[in-house]
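I have placed the structure first, in the form of structure tokens, so that the comments after it can refer back to it.
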Amino acid sequence: MKKIINIKNLLLTALVAATFTSCQKDEVIGGTAVQNLSGEFWVKLDNGADPTGTFDDSYYTLSTYNTASNKADSLWIDDDYDSPAGKPFWAIKGKIGADVKNLAFSGKDAANQIYESKFTISNGKILRGAATAPGTKLKTDSIYFEVQFDDDPIPGTVHKVSGYARTRFDADDHY
């Protein structure tokens, strides 16, 4: 009988211990340091001073995201060249400066990680809720920046890039 009571006490103790250890609070999962500048976008580029029409009237994919250091002063800009779903406009990927407080970004002579070249981004801005997605008519974020490529057929051409944040609705995608 004493063995049965000891086994019951042992099981009860194990049950109580398991109950208390399972009541631990979950860790709060935070965002990245540049989450307010990060996202996937559909963008269009103008031809700048290029009369040959380097870019057509298509939408292109673009992503912005945090660096490995996850600091608020820099982010990656990537036209998704190496993504199977991407539709790149120039094959660029590089680290640029970020100003999270002002939702701004820029970079002078950023090293391109896709091939050996450099690009400069100026006047980069995210405007919260300033765009309307074309299919669903939902309000979404707007993106704008100016870019120069050191290997542009017409050196010094400034291309204006503008677009809207992806909503992930098929009606707003341009695949």
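Can you give me the relative contact order of the stretch 39-172 as a percent, contacts being Cα pairs under 8 Å and 6 or more apart? The partial results should precede the final answer.
Numbers: 325 pairs, mean separation 29.1, N = 134.
Worked out over the stretch 39-172, it gives 22 percent.
Between amide H atoms placed 1.01 Å from N, distances below 5 Å from Arg166 occur with Glu40, Phe41, Trp42, all of them 5 or more places distant or on a separate chain. Legend: calculated FRET efficiency, Asp109 to Asn36, from the Cβ-Cβ distance at R0 = 35 Å, rounded to 0.05, equals 0.85.
Backbone amide hydrogens, once placed in the peptide plane, bring Ser74 within less than 5 Å of Ala98, excluding anything fewer than 5 places away on its chain. Please compare each pair in Lys71/Lys125; Lys108/Lys139; Lys93/Lys137 to a cut-off of 22 Å on the Cα-Cα distance and tell me which ones are over it. Going by Cα-Cα distance, Lys108/Lys139; Lys93/Lys137 fall outside the 22 Å limit.
Coordinate-derived values only; no laboratory data. Predicted model, so just to flag it, every value in this text is computed and none were measured. Every residue, glycine among them, receives a Cβ derived from its backbone with ideal geometry; neighbour counts consider all protein chains shown.
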